[in-house]
Amino acid sequence: MTNKRLNLSIPYLKGQESSYVSDCIKSGWISSAGSLIKKFEEELCKITKSKYAVACINGTSALHISLLLAGVKKNNEVIVPTITFIAPVNAVKYCNANPIFMDCDEKYNLDVDKVIEFLNNHTYQFKGSCLNKKTKKIIKAMIIVHVWGNPINIKNLVKICKQKNIKLIEDSSESLGSKFDQTNKHTGTIGFCGCLSFNGNKIITTGGGGAILTQNKKIALKAQHLIQQAKTSIWFNHDNIGYNYRMINVQAAIGLAQIKKFNQIKTKKKLIYNKYYNLFSKNNLFKLLTHKKNSNNWMNVINIKNYNQNKLIKLIKELEKHNIETRPVWKPNHLQLKFLKYQKYKINKAKSLVNSSLCIPSSADLNTRDLDKFYKILCKNI
């Protein structure tokens with residue numbers, strides 16, 4: 001049994017987090033009115049080159065608000081990937097809208113070609129809106145997710161969304177620090193809005209936390225307004241249905257400390273990926289997810305030849321006995337109980353890919369010796 005636990009993706013808290021939080025507590029400003037929130041937003045703009053960043057309580061709240069800003073209303077439809085954490089799909093339902101599920105490509109990202117095929121062949125334009133031929137409902141938005149930190153090939157999606165008058169929302173929860181190879185622009189800065197997450201497993205964390213990225217001042221101001229209960233005056237006038245989605249000062253304090261070593265964490269993630277690449281390239285039983293040149297290398301995933309769900313469950317349990325944390329890829333969302341009735345389009349890759357894929361230890365504190373141990377134990381249990 002290994003002495004050190006090899007974790008999937010835990011926070012790298014080896015900086016000034018304690019000091020920053022302590023100062024925050026001493027000041028008495030620990031909730032959503034503290035000055036550190038603004039400073040954190042400014043640092044996010046520096047990293048992403050986004051004109052505006054609006055800090056939220058978590059990534060899910062950022063997605064919800066972005067959909068509202070995009071004008072998504074009851075009975076509208078939103079195109080979503082089936083392979084993603086369920087948060088963006090839930091956010092669609094928070095708006096009383098309906099998801100349309102799309103398949104994934106070999107990198108687990110949204111299959112761009114199938115999305116374009118669907119929009120070209122199964123929708124029509126009417127009074128400036130894109131309507132679904134099958135349901136006759138307006139397709140108002142599309143959420144794309146840069147899965148595992150790998151940017152989607154976004155160029156053709158931007159083009160067709162503009163043609164169809166569909167708002168493109170980037171879920172960049174896993175891709176802080178990732179850039180598009182073609183333009184060198186940061187993920188989350190191309191679409192109508194971009195959404196970040198600072199959950200404990202992300203490349204940097206605030207414990208929870210999220211943010212909305214936008215290049216439009218009016219959208220940023222409206223987002224700030226909505227996440228603060230749509231309050232208009234000190235007399236508690238509210239001009240809209242608002243939400244208690246503002247980030248708190250303690251979270252921002254942790255985030256500011258994390259940002260100071262962001263480049264260090266990214267370097268560590270790159271070294272982990274490179275080591276895995278060297279290890280798994282020697283063994284044809286495995287196919288390692290290849291990260292793009294400008295990916296943040298957040299999470300490493302392997303596909304195991306001739307594997308199925310039962311074998312995967314057994315392997316995860318065996319690795320846990322050795323104090324090694326792994327997990328399967330998310331269950332396809334179109335198969336989730338509450339989403340079975342919604343439209344899906346030519347999904348034939350997602351399920352088989354999920355049933356043979358494993359997320360492997362990718363925490364920034366892992367060294368080459370840890371990775372060698374993991375690989376050796378993994379091979380023994382295949």
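What follows draws every value from the coordinates through simple rules; no lab data is involved. No experiment lies behind these values; they were computed from the predicted model shown. As a convention, Cβ positions derive from the backbone with ideal geometry for all residues, glycine included, and neighbour counts pool all protein chains shown.
Pairs 133/349; 134/217; 140/314; 93/260; 49/162: which are spaced more than 31 Å apart, C-alpha to C-alpha? Long pairs (Cα-Cα over 31 Å): 134/217; 140/314; 93/260.
Less than 14 Å Cβ to Cβ from residue 61, Lys/Arg counted +1 and Asp/Glu -1: what total charge do the surrounding residues give? Cβ neighbours under 14 Å give a net charge of 0.
Put simply, region 230-382 fits an ellipsoid with semi-axes of 37, 25, 14 Å; these come from the alpha carbon gyration tensor as the roots of five times its eigenvalues, largest first. When the chain is described by a simple charge dipole with +1 on each Lys and Arg Cβ and -1 on each Asp and Glu Cβ, the residue from 233, 12, 359 located farthest towards its positive end is 359.
For the chain, adding -39500 (n - 2.57) for each run of n ≥ 4 DSSP H residues and dividing by the number of residues yields -11000 deg cm²/dmol at 222 nm. Roughly speaking, what is the stretch gain from residue 306 to residue 217, that is 0.36 nm per residue apart minus the C-alpha to C-alpha distance, in nm to one decimal? Between residue 306 and residue 217, full extension yields 26.9 nm more.
Can you tell me how much longer the chain between residue 231 and residue 267 gets when fully stretched, taken as 0.36 nm per residue apart minus their C-alpha distance, in nm with one decimal?
8.7 nm
Sorting the segments 372-381, 147-156 by their residues' average number of neighbouring beta-carbon atoms within 10 angstrom, most packed first, yields 147-156, 372-381.
Here the simple spin-label model places points 7 Å from the Cα toward Cβ, and for residue 113 and residue 382 these points are separated by 2.8 nm. What does the extension gain come out to for residue 241 and residue 293, with contour length at 0.36 nm per residue minus their alpha carbon separation? Gain in length upon complete extension: 14.5 nm. What you get for the chain, charging only the Cβ of Lys and Arg (+1) and of Asp and Glu (-1), is a dipole of about 660 debye around the Cα centre.
Between residue 125 and residue 372, the modelled label-to-label distance comes to 6.1 nm, taking each label 7 Å out from Cα in the direction of the beta carbon. From the square roots a ≥ b ≥ c of the eigenvalues of the alpha-carbon gyration tensor of region 172-248, which class results: rounded (a/c under 1.5), prolate (a/b over b/c), or oblate? Taking the square roots of the gyration eigenvalues as a ≥ b ≥ c, region 172-248 is oblate. Taking the Cα atoms of region 17-259, the ratio Rg/Rh between the radius of gyration and the Kirkwood radius comes to 0.99.
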